[in-house]
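A short write-up of the structure that comes next.
Coordinate-derived values only; no laboratory data. Bear in mind the structure is a predicted one, so any value in this text is a computation, not a measurement. Heads up, the Cβs are rebuilt from the backbone with ideal geometry, glycines too, and the neighbour counts pull from every protein chain shown.
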Amino acid sequence: MSYRSAEWFGKKDKMGFIYRSWMKNQGIPEDMFDGRPVIGICNTWSELTPCNAHLRDIAEWVKRGVYEAGGFPLEFPIMSLGETLLKPTAMLFRNLASMDAEESIRGNPLDGIVLLTGCDKTTPSTMMGAASVDLPTLVVPGGPMLNGKYQGRDIGSGTAVWQLTDELKTGKISYDEYAHAESCMSRSPGHCMTMGTASTMACMAESLGMTLPGAAAIPATDSRRKVLAQLSGRRIVQMVKEDLKMSTVLTRKAFENAIKVNAAIGGSSNFIIHLTAIAGRIGVALNLQDFDNVGSKVPLLLNLMPSGRFLMEDFYYAGGLPIILKELQSILHLDTLTVNGKTHRENLERCHDCYNKDVIADYDTPIIKEAGIVVLKGNLALNGAVLKPSAATPALMKHTGRAVVFENIEDYHHRVDDPDLDIDETCVMVLKSVGPVGYPGMPEVGNMVLPKKLLDKGITDMVRISDGRMSGTAYGTVVLHVSPESAIGGNLALVENGDLIELNVKEKRIHLHVSDEELAQRRQHWKQPVPTADRGYANLYIKHVQQADKGADLDFLVGKSGARVLRDSH
Ligand code: FES
Ligand code: MG
């Protein structure tokens, strides 16, 4: 059997010479070019992405496995996206990184792909890019950090930042204590160890069948993370021999499984945007309403921050994602294939029992009965908005309040702590111009910190609405992803101070109590904000990005071009 890489290394002419000779400068023996499967290790390692800084090391274990199985591993870097440093938001570059992954995979002599991922955007970006090529592919997530430990208690990535910042703002802790918590929270390699977006993405990959069973929850520093990497290296070589393509694993049923699992784990709202974008690449029809239809009735089983108490280390010791799959088995499609060549059903036959029911509840006695992300519709979000009930305050899920409007993020920062700001806890905070086009890049600012004067009163949650996202580590009664966004003239743009806004989660409604006639009038006077970029990638992004309900992919990237390249390089 001849693999794709033979179109490079198998040639017996000038081109074969060129393709092999330069590679040999790395000390690669002749027999590596004998037609064996060539495995690309797509590495999002970067010291600027601290959550992925250990992936250089993990790659060595993948290589071991590839060699053991008779393959030829070749590791390559692609654009790495870190949540914490990258401005204005890593999300702006998710699609750019996906292009990097796609073209690096397609243009090179690779037969199978291992994606090394970790921090939030590094999983969806590489999966999107790989899906547009559709070779045999598996994901090796880098794993979460060990639990944060601060003053004798566990603190969670991100989640602790929001809590401690409120405490600092209200004078409950000193700045020295606050600063000390930094090193207590992030004390080992790995990604956020809350059920933030990175953990959510690792669980998404596992529930889709894109990782070996049990991959998501193993701590980054646990030796079994290395074993996983090595076994994944062995397995990808077999996947090439079986021609087990990504599209064979990523079926509509696999996506439905992922949606249900995300509800049961209290996964990040960002999941919706990323899963939609991946579906768009692989060619599976999936729309925003599917998330509500498939997932909103699924119970919450996992007691992890930000919705609950525990952290990823506890999840792993309790049994990890296989226990969730097992608990959900009556509602999952168990006949879906996973990258190990077996179905979820077959994999679950070897699944042990849950070791800690405080961390993972039984299906019949869940933490919350209906926990999946809810899709809201109404005149304020004609194409939809989302809310994560497990992170929200039950009492606020049916609420009508007076709008307090911030026109953009600068306006919010200038005025939110102004003692004269006309706001109380019954108001609805509205933030505009933080959508895909407006910011640009749809940042995680939707969980606006409450005004200081309300925090001082002991208020911990209020209804907040925006066209942005929120960090998967955050919480609150926050309506996100309003589509169409304000910067392109969605009705959110027309909200004025004092308007009444009604949120009704049960009825899945988000309504602005302003008549259609009045809205039409306001629209006549509305001026579109000046775009914030007139050149470069950001300009390309603004022109081509789709709205949140479509996954915020660039319009020309949807779909796939496959793995064929017709022309040689010389
Ligand atoms: Fe990288 Fe949270 S900041 S995973
Ligand atoms: Mg994030």
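The range 152-210 and the range 55-117 have Cα centres separated by 25 Å. Applied to the range 499-505, the Karplus parametrisation 6.51 cos²θ - 1.76 cosθ + 1.60 on θ = phi - 60° returns per-residue 3J(HN,Hα) values of 4, 8, 10, 10, 10, 9, 5 Hz, with x for Gly and Pro. The HN-Hα couplings worked out from phi for the range 12-23 by the Karplus form 6.51 cos²θ - 1.76 cosθ + 1.60 (θ = phi - 60°) are 10, 9, 3, 5, x, 4, 5, 5, 8, 4, 5, 4 Hz, whole numbers, x standing for Gly and Pro.
Note that the range 367-377 has calculated 3J(HN,Hα) couplings of 6, 9, 5, 10, 10, x, 4, 9, 9, 9, 9 Hz, one per residue in order, obtained from phi through the Karplus relation 6.51 cos²θ - 1.76 cosθ + 1.60 (θ = phi - 60°); glycine and proline are x.
For the chain, CYS42, CYS184, CYS192, CYS203, CYS351, CYS354, CYS427 stand unpaired, since no other cysteine beta carbon lies under 4.7 Å from theirs.
The shape of the chain comes out prolate: with a ≥ b ≥ c from the C-alpha gyration tensor, a/c is at least 1.5 and a/b beats b/c. Of all DSSP bridge pairs formed entirely within the chain, close to 40 percent run antiparallel. Return the lysines within reach of LYS453: Cα separation strictly under 19 angstrom, same-chain partners fewer than 8 residues apart disregarded; answer none if there are no such residues. Here the lysines satisfying the reach criterion relative to LYS453 are LYS169, LYS172. Amide hydrogen proximity for THR393: with H placed 1.01 Å from N in the peptide plane, the residues at 5 or more positions away or on another chain lying under 5 Å are THR477. Angle check, please: helix 55-68 long axis (alpha carbons) against the longest principal axis of the chain (alpha carbons), in degrees 0 to 90, nearest 10. Tilt relative to the chain: about 30 degrees.
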